[in-house]
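Student: Mind looking over this structure? Questions follow.
The values are calculated or read from the model by the stated rules, or taken from the named source; none is laboratory data. Treat the numbers as computed from the prediction; the structure is a model and nothing was measured. Note that each Cβ is placed from the backbone with ideal geometry, even for glycine, and that neighbours are counted across all protein chains shown.
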Number of protein chains: 4
Amino acid sequence: MPDRRKKVCVVIASRANLARITTVLEAVRDHPALELQVIAAASVLLERFGSAVNVLEAAGFTPDAKIRFIIEGQTPATMAKSTGLGLLELPTAFERLEPDVVVTVADRFETIATAIAAAYMNIPVAHTQGGEVSGSIDESVRHAITKLSHLHFPATELSARRIIAMGEDPRYVFNLGCPSIDLAARTHPGTRRDALVDHCGEGSPIDPEQPFLLVMQHGVTTEYGHGLAQMNATLRVVSSIGMQALVFWPNVDAGSDEVAAGIRQFRGQGLADRCHFFRNLPAEDFVRLMTHCSCMIGNSSAALREGAYLGTPAVSLGTRQQDRECGPNVVFTSHDPLDIADAIRAQLAHGRYERNDLFGTGTAGREIADLLATVDPPVQKRLHYDSATLLGDRTNV
Amino acid sequence: MPDRRKKVCVVIASRANLARITTVLEAVRDHPALELQVIAAASVLLERFGSAVNVLEAAGFTPDAKIRFIIEGQTPATMAKSTGLGLLELPTAFERLEPDVVVTVADRFETIATAIAAAYMNIPVAHTQGGEVSGSIDESVRHAITKLSHLHFPATELSARRIIAMGEDPRYVFNLGCPSIDLAARTHPGTRRDALVDHCGEGSPIDPEQPFLLVMQHGVTTEYGHGLAQMNATLRVVSSIGMQALVFWPNVDAGSDEVAAGIRQFRGQGLADRCHFFRNLPAEDFVRLMTHCSCMIGNSSAALREGAYLGTPAVSLGTRQQDRECGPNVVFTSHDPLDIADAIRAQLAHGRYERNDLFGTGTAGREIADLLATVDPPVQKRLHYDSATLLGDRTNV
Amino acid sequence: MPDRRKKVCVVIASRANLARITTVLEAVRDHPALELQVIAAASVLLERFGSAVNVLEAAGFTPDAKIRFIIEGQTPATMAKSTGLGLLELPTAFERLEPDVVVTVADRFETIATAIAAAYMNIPVAHTQGGEVSGSIDESVRHAITKLSHLHFPATELSARRIIAMGEDPRYVFNLGCPSIDLAARTHPGTRRDALVDHCGEGSPIDPEQPFLLVMQHGVTTEYGHGLAQMNATLRVVSSIGMQALVFWPNVDAGSDEVAAGIRQFRGQGLADRCHFFRNLPAEDFVRLMTHCSCMIGNSSAALREGAYLGTPAVSLGTRQQDRECGPNVVFTSHDPLDIADAIRAQLAHGRYERNDLFGTGTAGREIADLLATVDPPVQKRLHYDSATLLGDRTNV
Amino acid sequence: MPDRRKKVCVVIASRANLARITTVLEAVRDHPALELQVIAAASVLLERFGSAVNVLEAAGFTPDAKIRFIIEGQTPATMAKSTGLGLLELPTAFERLEPDVVVTVADRFETIATAIAAAYMNIPVAHTQGGEVSGSIDESVRHAITKLSHLHFPATELSARRIIAMGEDPRYVFNLGCPSIDLAARTHPGTRRDALVDHCGEGSPIDPEQPFLLVMQHGVTTEYGHGLAQMNATLRVVSSIGMQALVFWPNVDAGSDEVAAGIRQFRGQGLADRCHFFRNLPAEDFVRLMTHCSCMIGNSSAALREGAYLGTPAVSLGTRQQDRECGPNVVFTSHDPLDIADAIRAQLAHGRYERNDLFGTGTAGREIADLLATVDPPVQKRLHYDSATLLGDRTNV
């Protein structure tokens, strides 16, 4: 059967990952040499994290498997155990679907579960967003996934070079930009009114005539135990600015319970009178919010990634995005309320930034699909170093 | 409590790992600034893999936890699932023992489960035998563990340089040699008669007056489906040589059932009249066998590692040790019976080799313990590259 | 060691179970021949189910183990899988704590996981609240637990007779009443103002001068898919009555997400202006609310159990408590809004009921502890029927 | 679709269960109103337990799912944990196959995992071999499964009456005999020579001209720790009788490692010179061995069940079958070697017994299929007692 289509199985296991892989899903589905398989897993299926699966299905992607593997109680131990549960569940789906390649996104525990399951089952792994640098346990996990992956689609040139430096074969490392930028590039920006109307959520109503702040803060595993106070502090600063604010509930992570408790504490303090709280939004709506917000605050990587392309003024808090590559639109601060307030005011004074192409120009999805169709890395990996060179002079390495 | 002893938790999860960490166990136990915790896990606890836990306990190490996490039926999928089960179990033990550092050995699925569990729980991971190159899924898993580890104790200089090249901080990479060599160095070689008497096992009796071959062949995940025929072929060649042979049952791996079936098939064919079959041996006894055997055959890494120091003539089959660093004592061949036979005869003609210090000189355990006591890497890792250099010129990286 | 204290391990795995076992915890702790071990598990540890563990710890019971085993996404499949995860986790704790007897409460998936784990580990199981009849999968699970248990502490005489009829040995079946009644009996009722002040929660403030309704509705596995509409309907009826209402978030069950969504939908409809929402309360506070509420509405078993003793007018909806033994204080209805409204109005017209001792008089905890200290059932169970009698005449059985 | 065929999913999870359900598989497959689904699970898939799946496939039944859920190291704790792993795996298969009814066999941990998974997923459970009485944890588990099951196919009239006495609705309890008898009834007995030739296995060759003993002894959870000595004792007695013996390796159970070690110890003692060791046989071959053996020794239930129909002289050891219903062909003894020897000699003196129809006459499979096609029990179970009668007089119950 010379022209059997290659089965590409994309595992989507968190809300954030969905927007970062949507255009790959589309391009694989539409590619004549590829057959798309979709696994919706983990928090993608959970109502309290916004049921991103509904967004996926609304976009026409019916999951071939739905796998629940989040153990409740987001402590560091349950995060490790949820990884374990994912490793018990994913091989069952892979055995049934028999993919020719598995695509895994970014750097979370769901992602490493996917990579290990596929690697042990001799299925080549394609990894997007490798080679980036950040804080949190994500930093270690991301590079571990790189070492388990056969095909690399980093989002920037620097990330590509890091992956090669780590000993990956340059023939299988491709910088095509980030698929999340594809969505940002093709979304009609509309007006602020377009951005603000018609979302559900809870809390104060939104006034579409007024400027607004966007808050998105997640738990940080390596800062476990501080999340409640940090989120409460962020929201109190936001409240003190005097602008209306759209606040997102956190992802599922060690620490997400803390962040959610910080939101609830803040609401209980009666300070939330200009705040509106969301669980999830379609990616296009989120892009529109980023296009029209006065400033984005928190520790989401979207502020760096889509933010660079959209020119969104952003304040990045704490260590989660520390040292991650970004454009000029981001100001980094500590969790100190005064620092946060200064940074927000500086960004409000600056206003929006120029478009920056650091993370791509909007063609990543299609190009990744083309490469998935044509490149066949060997299942047996091998560290790509020349031993003689390495041994030549340790200080030069 | 300024002088609380640092808790070092060593996870031993396969028979092979035990010999490679024993002198570390001893040195940590005896170190005034350290408190030893031992977790015996996976095949270490299983009777059909030789209950290495008995060896451990006989050596005076009572496990602080015993964790069974091997799912029977060593297919690629159950290997991934056993990793998952390990990730469900290990955090429970870590929560109870509260180690300050976790030590994990080499490159198996039990090892990556240990590394992920500790890393997500913000416990620094010390890894031995990183940076080596081999075939099989172990190759990918070994380097993924490196990316999750905070402290690196590779066994050779080349391995250390590879780890640094992969972006690990050189301040936390130490080439002290392999602790398995410590055992080889201190074991009194005795005579062939000492090496051969008094072991249990089954099959033909051993004649301590006669030379012998040593066969140790494990399943290879990336060659899944070929293990039975390969093992049968090896044993038939060994049988044709006409010397008595000591044959080890395989480790627990995808493919170990196949290899075991190959042994059973061979025995059923009535060819095993000069073969004696073992499940496990104390490390000292194994060193003595390697010291006195005429040739070691199979795909065990001991042939390369302890073999270098002991000068054991060895024939390494197939891809499992492919490209792994070794001394002059090893001849690599395919699984072709004629090639195997030629290689064995060449080694028998050559006889024993000179001692080679590639994998150390016998001081690794003590030096590792000293470093565990004094070095405190930060929990938050960071890829150790200079971005400007990386971006300078892609071809130079 | 003739006078070693007997180790009694109580597994508390849901919010509802806590109040039903608290006086047993106290009596075991205070008994000279017993040593109390407490395992806090499942939803007891989860913030979004009210962190009942805090109540437990505030009462002076520090858990010997905390075990998280709820897999998020309360579908029927994840309920079965959470049972499985409990069975992976509980044996680890039992191996460490080595209890002489394990106490398990009522009829949930956490309870059967406890019973199976202990039974396979040859640890006698003591079961409270067996022999009752209800709707939902709880009905089957409750009786399955009875067949795995060695010592039975049913809450009523009828339940005790059912357990004996099921073939359990009458020497190990004791009707001592329900420990939840102990709490009800010893709680000072106070005034309505005492009942209503000082709780947290969210939604409309509570007016301590005004009468109030109490709403507690859980997911029903065998009605999966209807929970949202049912809860929304209940709340709309409650809203139409015109009294302020205290509404509890549901337990963790298949269907609890639906019920929670029903609450959120109702709040989104802007009808919740007299409703206050709780996650959890100390048992004494809950007893006081039941003592002073005008009517309790939903499908909680507390309405039948504590309600009988306290004389609380109650409306029980749907099949969850169907056919469960109860006193005169309960009116059963369908989920039809008109029926619910009629039933509530009838109960409001009737007012409070006389105390009814069907579920005990307040001495259960102490008596259970005494029996745990003195009765030692054999680990090997045996169906307690006389074969000759059974075979005598089938129609008479 | 008025005439959609009803999907019957049979879960086969141990070697012993296969022979007890084969004619049901055939009859369901051949029934015009039914569609057969087969799940092969647990030890059925394991090489070291004889890969019963090969027998299943050779008989034309291709599994719709293969599920590995045995955790190695058959301690009581891993038996509970394997049940848990089964509960994590089976719901995935049930979600995919969407059976209308699930059939589960007998009384093992795999069986209760099946029953719980199906029950929580609102799938009716049909249970074969309920209502029997035996030793071991199987006794409790069997009756717990009855309480989770909706349709009961016990193997004897007494078992049927016990199930009804336990509170099951008599409309759903059917004594049709045991499907294992169907196989015994239709297997051509052949000659001793037919029974003895052509099996593989290991150990001494079998002399088809000579009489032989049949040994089948399994681990007993409630006697954990004694299995090795018991098996060794049995084999030494067998050896002392002086007849050739066919010995089966044990099932996967807590204690099976011990029994296997007992076999290995016995072989190591050099006493096995008239013993031949098997892992598994097709059911027809096993029936033929039971038809022609001089005496069957051990604790297998086949000695009681098929043994009754075939008239096989049998010696049942220890507590495992204690009090189980049986015909005149069985002598029960302790594990005392002298008692065992006396019992074997008595049976050898007696010779074969008359056919006994206690467990059926050979039509069970077909009749069970007919009832699966026509009977639809409600998913919501309810204890089938009359409360008034129960309360009438406790002593009469």
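Student: Can you confirm whether C:Ala117 is modelled with pLDDT of 95 or more, within 26 Å of D:Gly392 (Cα to Cα) and small (Gly, Ala, Ser)?
Tutor: On the way: modelled with pLDDT of 95 or more: yes; within 26 Å of D:Gly392 (Cα to Cα): no; small (Gly, Ala, Ser): yes.
Answer is no for this residue.
Student: Of the residues that sit in segment C:127-144 and are within 13 Å of C:Ser159 (Cβ to Cβ) and β-branched (Val, Ile, Thr), which one is farthest from the chain's Cα centre (by Cα)?
Tutor: Going through the qualifying residues, I end up with C:Val133.
Student: State whether one or more residues within segment B:129-137 are facing another protein chain (nearest Cβ under 9 Å) and part of a helix (DSSP H, G or I).
Tutor: Checked against the condition, which is being facing another protein chain (nearest Cβ under 9 Å) and part of a helix (DSSP H, G or I), segment B:129-137 yields no hits at all.
Student: Output the number of residues of segment A:325-336 satisfying the condition of being in a loop (DSSP other than H, G, I, E, B) and either buried (at least 18 other Cβ atoms within 10 Å of the Cβ) or aliphatic (A, V, I, L, M) (or both). Don't jump to the end; show me each part of the working.
Tutor: Filtering segment A:325-336 for residues in a loop (DSSP other than H, G, I, E, B) gives A:325-329, A:334-336.
Next, only the ones that are either buried (at least 18 other Cβ atoms within 10 Å of the Cβ) or aliphatic (A, V, I, L, M) (or both) stay: A:325-327, A:329, A:335.
Adding up the residues that qualify gives 5.
Student: Could I ask something else about it? With the requirement that a residue be more than 27 Å from A:Pro32 (Cα to Cα), touching a residue at least 24 places away in the same chain (Cβ under 8 Å) and not in a loop (DSSP other than H, G, I, E, B), what does segment A:337-370 give you?
Tutor: Residues satisfying the conditions are A:Pro337, A:Ile340, A:Ala341, A:Ala343, A:Ile344, A:Arg345, A:Gln347, A:Leu348, A:His350.
Student: In segment A:339-390, how many residues are more than 14 Å from every other protein chain (Cβ to nearest Cβ) and over 23 Å from B:Ile137 (Cα atoms)?
Tutor: First pass over segment A:339-390, keeping only residues more than 14 Å from every other protein chain (Cβ to nearest Cβ): A:339-357, A:359-376.
Still in the list and also over 23 Å from B:Ile137 (Cα atoms): A:339-357, A:359-371, A:373-374.
Number satisfying all stated conditions: 34.
Student: Go through (1) away from chain D (no Cβ under 11 Å); (2) assigned to a helix (DSSP H, G or I); (3) in contact (Cβ under 8 Å) with a residue 60 or more places away in the chain for C:Thr114 and report which single condition fails.
Tutor: (1)
Student: A further question on this structure: Looking at segment D:321-335, is at least one residue closer than 29 Å to D:Asn54 by Cα and in contact with a helix residue (DSSP H, G or I) (Cβ under 8 Å, 6 or more places away or on another chain)?
Tutor: Pass one, segment D:321-335, residues closer than 29 Å to D:Asn54 by Cα: D:321.
Of the ones still in play, those that are also in contact with a helix residue (DSSP H, G or I) (Cβ under 8 Å, 6 or more places away or on another chain) are D:321.
Yes - at least one qualifying residue is present in segment D:321-335.
Student: A further question on this structure: Tell me yes or no: at least one residue of segment C:174-195 is within 14 Å of another protein chain (Cβ to nearest Cβ), more than 21 Å from C:Ala19 (Cα to Cα) and of a type outside the set (Lys, Arg). I'd like the intermediate steps shown before the answer.
Tutor: As a first pass, look at segment C:174-195 and keep what is within 14 Å of another protein chain (Cβ to nearest Cβ): C:174-175.
Among the residues that remain, those that are also more than 21 Å from C:Ala19 (Cα to Cα) are: none.
No, that holds for no residue.
Student: To continue, here is another question. Suppose the filter is at pLDDT 95 or above and not β-branched (Val, Ile, Thr); does B:Gly50 pass it? Break it down stepwise before answering.
Tutor: Working: at pLDDT 95 or above: no; not β-branched (Val, Ile, Thr): yes.
Taking the combined requirement at face value, the residue does not satisfy it.
Student: Which condition number does D:Ile297 fail, the rest of (1) within 14 Å of chain B (Cβ to nearest Cβ); (2) in contact (Cβ under 8 Å) with a residue 40 or more places away in the chain; (3) β-branched (Val, Ile, Thr); (4) touching a strand residue (DSSP E or B) at 6+ places or on another chain (Cβ under 9 Å) being met?
Tutor: (1)
Student: State whether the residues of segment C:42-57 include one that is at the interface with chain D (Cβ under 10 Å from one of its Cβ atoms) and either out of contact with any Asp or Glu (no Cβ under 6 Å at 6 or more places or on another chain) or among the hydroxyl-bearing types (Ser, Thr, Tyr) (or both). Quick ask: steps written out before the conclusion?
Tutor: At the first step, the residues of segment C:42-57 found to be at the interface with chain D (Cβ under 10 Å from one of its Cβ atoms) are none.
There is no residue in segment C:42-57 that is at the interface with chain D (Cβ under 10 Å from one of its Cβ atoms) and either out of contact with any Asp or Glu (no Cβ under 6 Å at 6 or more places or on another chain) or among the hydroxyl-bearing types (Ser, Thr, Tyr) (or both).
Student: In segment C:81-109, which residues are among the charged types (D, E, K, R), more than 7 Å from chain D (Cβ to nearest Cβ), in contact with a strand residue (DSSP E or B) (Cβ under 6 Å, 6 or more places away or on another chain) and surrounded by 24 or more Cβ atoms within 10 Å (Cβ to Cβ)? So that I can check it myself, show each step before the final result.
Tutor: From segment C:81-109, those among the charged types (D, E, K, R) are C:81, C:89, C:95-96, C:98, C:100, C:107-108; that's our starting set.
Narrowing the set further to residues that are more than 7 Å from chain D (Cβ to nearest Cβ) leaves C:89, C:96, C:98, C:100, C:107-108.
Checking the rest, the ones that are also in contact with a strand residue (DSSP E or B) (Cβ under 6 Å, 6 or more places away or on another chain) come to C:89, C:100.
Correct list: C:Glu89 only.
Student: Got a sec? Which helices (runs of 4 or more DSSP H) wholly within segment B:138-219 have at least 2 residues that are in contact (Cβ under 8 Å) with a residue 12 or more places away in the chain and among the basic types (Lys, Arg)?
Tutor: On the way: elements: B:138-148, B:157-165, B:179-186, B:192-196.
Answer list for segment B:138-219: B:138-148, B:157-165, B:192-196.
Student: Can you give me the number of residues within segment A:138-155 that are under 22 Å from A:Val24 (Cα atoms) and more than 10 Å from chain B (Cβ to nearest Cβ)?
Tutor: Within segment A:138-155, residues that are under 22 Å from A:Val24 (Cα atoms) and more than 10 Å from chain B (Cβ to nearest Cβ) number 5.
Student: Now a separate question. Being buried (at least 20 other Cβ atoms within 10 Å of the Cβ) and hydrophobic (A, V, I, L, M, F, W, C) is the filter; apply it to segment A:273-289 and report the residue that is nearest to A:Ala184 (Cα to Cα).
Tutor: It comes out as A:Val287.
Student: Kindly indicate whether D:Glu26 is more than 13 Å from chain B (Cβ to nearest Cβ), in a helix (DSSP H, G or I) and either without any contact (Cβ under 8 Å) to a residue 12 or more places away in the chain or of a type in the set (Ser, Thr, Tyr) (or both).
Tutor: Numbers: more than 13 Å from chain B (Cβ to nearest Cβ): yes; in a helix (DSSP H, G or I): yes; either without any contact (Cβ under 8 Å) to a residue 12 or more places away in the chain or of a type in the set (Ser, Thr, Tyr) (or both): no.
Here the answer is no, as D:Glu26 does not meet what is asked.
Student: Right, here's the next one. Given the conditions (1) surrounded by 23 or more Cβ atoms within 10 Å (Cβ to Cβ); (2) modelled with pLDDT of 95 or more, report the number of the one that A:Arg320 does not fulfil.
Tutor: Unmet condition: (2).
Student: Does C:Thr312 satisfy the criteria of being away from chain D (no Cβ under 12 Å), part of a loop (DSSP other than H, G, I, E, B) and among the hydroxyl-bearing types (Ser, Thr, Tyr)?
Tutor: Answer is yes for this residue.
Student: Spot the failing condition for C:Arg382; the list is (1) modelled with pLDDT of 95 or more; (2) within 30 Å of C:Arg5 (Cα to Cα); (3) charged (D, E, K, R); (4) surrounded by 15 or more Cβ atoms within 10 Å (Cβ to Cβ), and only one is missed.
Tutor: That leaves (1) as the condition not met.
Student: Residue check: is A:Thr78 within 8 Å of another protein chain (Cβ to nearest Cβ), farther than 22 Å from A:Thr128 by Cα and part of a helix (DSSP H, G or I)? Give the steps one after another, and end with the answer.
Tutor: On the way: within 8 Å of another protein chain (Cβ to nearest Cβ): yes; farther than 22 Å from A:Thr128 by Cα: yes; part of a helix (DSSP H, G or I): yes.
Yes.
Student: Continuing with this model, one more query. For segment C:180-194, state whether one or more residues are more than 22 Å from the chain's Cα centre (by Cα), over 30 Å from A:Glu72 (Cβ atoms) and crowded, with 18+ Cβ neighbours inside 10 Å. Can you show your working first?
Tutor: Residues of segment C:180-194 that are more than 22 Å from the chain's Cα centre (by Cα), as a first pass: C:190-194.
Next, from what is left, pick out any that are over 30 Å from A:Glu72 (Cβ atoms): C:190-194.
Subset that is crowded, with 18+ Cβ neighbours inside 10 Å: C:192.
Scanning segment C:180-194 turns up at least one residue that is more than 22 Å from the chain's Cα centre (by Cα), over 30 Å from A:Glu72 (Cβ atoms) and crowded, with 18+ Cβ neighbours inside 10 Å.
Student: Failed condition for B:Ser316, given (1) touching a residue at least 60 places away in the same chain (Cβ under 8 Å); (2) within 17 Å of the chain's Cα centre (by Cα), with all others met?
Tutor: (1)
Student: All but one of (1) of a type in the set (S, T, N, Q); (2) in a loop (DSSP other than H, G, I, E, B); (3) over 30 Å from B:Gly190 (Cα atoms) hold for B:Thr389, so report the exception by its number.
Tutor: Only one criterion in (1) of a type in the set (S, T, N, Q); (2) in a loop (DSSP other than H, G, I, E, B); (3) over 30 Å from B:Gly190 (Cα atoms) is unmet by B:Thr389, namely (2).
Student: Right, something else. Answer yes or no as to whether C:Pro32 is closer than 26 Å to B:Phe94 by Cα, free of Cβ contacts under 8 Å to residues at least 60 places away in the same chain and not acidic (Asp, Glu). Show your work before the answer.
Tutor: Values: closer than 26 Å to B:Phe94 by Cα: no; free of Cβ contacts under 8 Å to residues at least 60 places away in the same chain: yes; not acidic (Asp, Glu): yes.
So C:Pro32 does not fit the description; no.
Student: Here are some conditions: (1) away from chain B (no Cβ under 14 Å); (2) assigned to a strand (DSSP E or B). A:Val11 meets all but one. Which one does it not meet?
Tutor: (1)
Student: Does segment A:251-270 contain at least one residue that is outside any helix (DSSP H, G or I), in contact with a Gly (Cβ under 9 Å, 6 or more places away or on another chain), surrounded by fewer than 24 Cβ atoms within 10 Å (Cβ to Cβ) and among the small types (Gly, Ala, Ser)? Give the steps one after another, and end with the answer.
Tutor: Here is the first cut: in segment A:251-270, the residues outside any helix (DSSP H, G or I) are A:251-255, A:269-270.
Add one more test, that the residue is in contact with a Gly (Cβ under 9 Å, 6 or more places away or on another chain), and what stays is A:251-255.
Imposing the further condition that a residue be surrounded by fewer than 24 Cβ atoms within 10 Å (Cβ to Cβ) reduces the set to A:251.
So of that shortlist, the ones also among the small types (Gly, Ala, Ser) come out as none.
Scanning segment A:251-270, I find no residue that is outside any helix (DSSP H, G or I), in contact with a Gly (Cβ under 9 Å, 6 or more places away or on another chain), surrounded by fewer than 24 Cβ atoms within 10 Å (Cβ to Cβ) and among the small types (Gly, Ala, Ser), so the answer is no.
Student: Right, here's the next one. What residue, of A:Ile71, A:Ile21, is free of Cβ contacts under 8 Å to residues at least 60 places away in the same chain, surrounded by 24 or more Cβ atoms within 10 Å (Cβ to Cβ) and touching a helix residue (DSSP H, G or I) at 6+ places or on another chain (Cβ under 7 Å)?
Tutor: A:Ile71
Student: Output the number of the condition that D:Met243 fails; it satisfies all remaining conditions of (1) in contact with a Phe, Trp or Tyr (Cβ under 8 Å, 6 or more places away or on another chain); (2) within 12 Å of chain B (Cβ to nearest Cβ).
Tutor: Of (1) in contact with a Phe, Trp or Tyr (Cβ under 8 Å, 6 or more places away or on another chain); (2) within 12 Å of chain B (Cβ to nearest Cβ), only one is false for D:Met243: (2).
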